[in-house]
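Single-structure report; data block below.
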Amino acid sequence: MRLFHGRFHYLRLSGSYRNGCRRVDKRRCELATNRTQIRAQWLQDEKNRRQILYRDFIEEASKCYIDALQHDEADIPGLVGLYAKLGAMRVLSSSSVIHAAESVTQKIVDTYLQPDKTFVELRNMVSDGRIDLLCDFSAACREEFEEIRAQQF
């Protein structure tokens, strides 16, 4: 009788142990899932923040560049806005994006020191592809977004 009671007690304890392990495993799984969801949301928010920053930088740089091509007097408020966005990128962005943004900004400042372009010269620059100073910046941004996408999945 004692042996039977011992086996029953053993089976009861092992069942409780298994149920306890299942509960712990379930909780670990829930925590891992929550952590994954939070990380995915954070990465998506980070990507959205950078998209807005890069869009604003592209718009500001385009305006400043066309102004620099047509005028020899610098658009100081525009350049200040451009440098402010560059400063934000130095906090948020990868080094390749920062380097490309610095090159764009330097090219704009240098363009103010060059003679003004006529419409015919601007048309030739468009035809030759020389007017697109944002190509490297856009490529660096695209690479950065691909890296973020890879981290999400």
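Read-outs throughout are calculated quantities, based only on the coordinates presented, and are distinct from any laboratory measurement. This one's a predicted model, so the numbers in the text were calculated from it and none came from an experiment. When we count neighbours, we look across all protein chains shown, and the Cβ atoms used for this are built from the backbone with ideal geometry, even at glycine.
Can you tally the net charge around L79? Count Lys and Arg as +1, Asp and Glu as -1, for every other residue whose Cβ sits under 10 Å from the Cβ of L79.
-3
Taking other Cβ within 10 Å of each residue's Cβ, how do C141, C135 sort, fewest first?
Fewest to most other Cβ atoms nearby, the residues stand as C135, C141.
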